[in-house]
Every structure is written in C-alpha cells, then in structure tokens.
Amino acid sequence: MIPYGRQEITQADIDAVVEVLHSDYLTQGPKIPQFEQAVAKKIGAEYAVAVNSATSALHIACLALGLSKDDWLWTTPITFVASANCGLYCGAKVDFVDIDPCTYNLCPMALEKKLEEAKGQGRLPKVVIPVHLCGQPCDMEAIYTLAQRYGFKVIEDASHAIGGRYQGEYIGNCRYSDITVFSFHPVKIITTAEGGIAVTNDAELAKKMALLRSHGITRDPAQMTNDVDGPWYYQQIDLGFNYRMTELQAALGISQLDRLDQYVDRRHELAGRYDLLLAELPLTLPWQHPDCYSARHLYVIRLKLDAVNKTHRSVFEVLRDRGVGVNLHYIPVHTQPYYQRLGFAHGDFPHSEQYYREAISLPLYQSLSHSDQDEVVEILKKALSE
Ligand SMILES: *Cc1c(COP(=O)(O)O)cnc(C)c1O
C-alpha cells in the first residue's frame, strides 16, 4: 500500500533519540526548551510551548485566551475534529464558518457576514480558529482585520502548515494572530511521534500555557501567592493538565527541524508533478493563492462529478483496492453525530458539504518516489475511466 502520508526517520534522528535514552533526563530536561527555542527561531515567533499533541496545544491556547462557559468559538467545518473540540473542552459553544470554494479554507467573507449577524444577536465569538488546510495559509490579513473590528482572538491551527509561508514569511510568526499551533503527528510535515507546539509573541500567554501544560504548578517565586516554605516548595496556582512532551520527542523534533525546508520543497516538487500528470483529467486540482507558499501537507483532488461516469465512493474504493492509500480530509465536523446532537444539520454549510462529496487526498510525503507517484496516477486514470 502506498500510504497518503508517512514520516521519514534518518540515522541522525535515531542517534538523537538514543543519546537522550543514555542521558539523565527522559522528560523535563534540556531538550524541551532547546526544541522550543529552535522552533520559535525558525518561524520567527517570540515564545514556544511544546506539548504532547496539537490537540493539547489547542486546548491550552483556548484556556490562555480566557475561553470559557457561554463564550463562542468559531472554526471551519473542513478540519480535524480537534479544532472544534477544544472549544467544548473549555465549556464554550462551537459554531462554524463555511469554506471558500477555491482554497477550502475558512472564508473571510462568510466570516464577516456571520459576524455582522452575530453582533446584532449579541453572540460574537471570543475565539476564531482558522485552519491552514493542506498547508495553504488562510487569508490571515482579512481575518485579522475582522478580529480587530469585532474584538475576537485568533488561534491559527497550522497543524498542516509548518514550513509554509504567508506573504513571504513563515507561518507561525503570529503577525495576524494571538497563537499558532503546529502538530508533529507522523503524517504531518515533521514529527515527534505524538506532539505539538503553541507559539506566540505574547509573554503572558506563553507563561499561562506553560503553567497549564504541567498541572498549573509553578516553581517561580514571582508567580506565587506567598513566600516559599523551602527549597522543595512549589505552588499550584491554576488547574492544569499533564500535557508535557518527553525529551525523546523533543530530541527527535530538533533533528527533524533541520530538514524542514528540504521537506517542504520536496513536497512542492511532487505536487508540481501531480499538477502536470493530472492536468487533463476531469478533476479540480489544488489552487494556490499567490500570497502563499503552502507547506503542501496534503494534495487534495476534487472529482468533477458531472464529467466522470463514476461515483466518488467507487473511485475511492478502486484506489484503495489497488493499493493506493487515499484518504478524505475531512468529513465536515458539523455532520459528525456528536455535533448533530448539539443541533447542527446537513445543509448548514453547503460549500463544505459539496467539497466532502468530491474530495480525495492522494499520497504525498517527502519520501514518495516518482515511480510510486506515477503508479498512483495510472491507477487514478483507470479508476476514472474503466
Ligand atoms: C492533526 C491535526 C490536529 C491534531 O493534531 P494532534 O497532534 O494529532 O493532536 C488538529 N488539527 C488539524 C487540522 C490536524 O490536521
């Protein structure tokens, strides 16, 4: 099976992890701050807080921004469920904004329209989470303008997008957001097995997230409510979690980060090859905004169903049956049974639902060979025509 995504592990990665195994610290040692500083420096943010997943990063980012009961969090339906669930973890209410049919990202015009309606009803969101789908950044400048006008905070879910650029700068510098979150799951651009990170330029938000990552416990006398009792002393000053990343993961992350640009460039090369090889087929290929250099996490094709004499499902099944591990990113979150129970219905976000009826993610990862890619294209051609 040619998977839709997979990690690449080099000898340097293995050596870095083995070195940690022989060291004094398996967790809470020097590799975590080293990894945090390396990521922050690479993408041009002031602070970074490494955690055990992007899901955890989204949760503590929402809490740090004060999201709580009776607040609203808005995101896109075309994302992994974690981008919406983080609002529910905080006791907040979740709503969605439909996608732009061209980029498949949260549509700033739909956002503006919904904000204007919400303003009249006194239910403006506290936090909006744009998701950089497939690694292509959202129209962050437009979203940030709306954030200032309507007074909401912005968390970029950049789980797909480390190494990508917006207006010539790395995604994650938070020029148009409060916090950006990256994932290091093995299918993403670089990996720490499980893992995630939240970056920000706001010292207070960074401090708050670092506290929430580890039980709300501090050893910093400046943060304590009274004098220290002795050298053993720590205080719990908030209700946090154990969302810590291990030293093994941080060492792997530091090693992988060295190859970030190389990986993104390779993904572009492969995506460019797909663009050429698939150009004549009845497909909509991924459109790229000129302001963006996508991280190219996913290569999503859409079937032109009126030009294909097949169903979406049958094309997908033929690909899977013949060893192409295609996937579908994503089932619109509002159509999940859990969200339907919260009151969402099919038909609520038509562009997202239309996308779902046509989309297929083809294999794309740094170590995908040209011959495997050619095989994917041949099998796809057959699946569309036979
Ligand atoms: C992968 C992913 C997440 C969750 O990442 P984990 O590190 O697995 O928790 C969140 N949002 C999006 C868009 C993702 O693709």
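The values are calculated or read from the model by the stated rules, or taken from the named source; none is laboratory data. Since we're looking at a predicted model, the values are computed, not measured. Quick reminder, even Gly has a Cβ in these numbers, built from the backbone with ideal geometry, and neighbours come from all protein chains shown. These accessible areas exclude ligands, DNA and RNA; they are computed on the full protein's heavy atoms, side chains included. Shrake-Rupley method; radii C 1.70, N 1.55, O 1.52, S 1.80 Å.
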- Query: Can you work out ³J(HN,Hα) from phi for every residue in region 309-324, in order, using Karplus 6.51 cos²θ - 1.76 cosθ + 1.60 and θ = phi - 60°, giving whole Hz and x for Gly and Pro?
  - Reply: 8, 9, 8, 4, 5, 5, 5, 4, 5, 4, 4, 4, 4, 9, x, 9
- Message: For a quick check: with amide H placed at 1.01 Å from N, whose amide H comes under 5 Å from Asn327's, ignoring anything fewer than 5 positions away on the same chain?
- Response: Ser361
- For the chain, with a Gaussian network of springs between Cα atoms less than 10 Å apart, report the residue from Gln34, Gln340, Gln249 with the top mean-square fluctuation. Gln340
- Cα-based Kirkwood hydrodynamic radius, the chain, one decimal, Å: 21.8
- Just the accessible area for His268, please: 1.4 Å probe, Å², rounded to the nearest 10? 40
- Task: Between Ile155, Ile190, Ile301, find the one with the highest GNM mean-square fluctuation for the chain; connect C-alpha pairs within less than 10 Å.
- Result: Ile301
- Note on the structure: Probe 1.4 Å, all chains present, heavy atoms only: Arg266 accessible area in Å², nearest 10, is 70
- Message: For a quick check, take a GNM of the chain with Cα springs below 10 Å and name the residue from Glu117, Glu194, Glu269 with the largest mean-square fluctuation.
- Response: Glu117
- Item | Computed [θ] at 222 nm, deg cm²/dmol, the chain (DSSP H ≥ 4; -39,500 (n - 2.57); rounded to nearest 500) | -11500 deg cm²/dmol
- Note on the structure: Quick calc, Tyr150 & Leu276: beta-carbon distance into FRET formula, R0 45 Å, rounding 0.05, result 0.60
- Please get the size of the charge dipole for region 1-72, origin at its Cα centre, with Cβ charges of +1 on Lys and Arg and -1 on Asp and Glu, quoted in debye to the nearest 20. 140
- Would you work out which of Val318, Ala118, Leu26 lies farthest towards the positive end of the dipole of the chain? Charges go on Cβ: Lys and Arg +1, Asp and Glu -1. Ala118
- Find how many whole Å separate the alpha carbon centroid of region 1-72 from the alpha carbon centroid of region 244-294. 19
- Query: Could you give the dipole magnitude of region 9-125 about its Cα centre, charging the beta-carbon of Lys and Arg +1 and that of Asp and Glu -1, in debye to the nearest 20?
  - Reply: 280
- Item | Alpha-carbon spread of region 191-332, three principal axes, descending order, Å | 75, 30, 29
- Query: Whose amide H sits under 5 Å from the amide H of Tyr166, counting only residues 5 or more places off or on another chain, with H placed in the peptide plane?
  - Reply: Ile171, Tyr293
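Any idea what the dipole of the chain comes to, in debye rounded to 20, about its Cα centre with Lys/Arg Cβ at +1 and Asp/Glu Cβ at -1?
It works out to roughly 640 debye.
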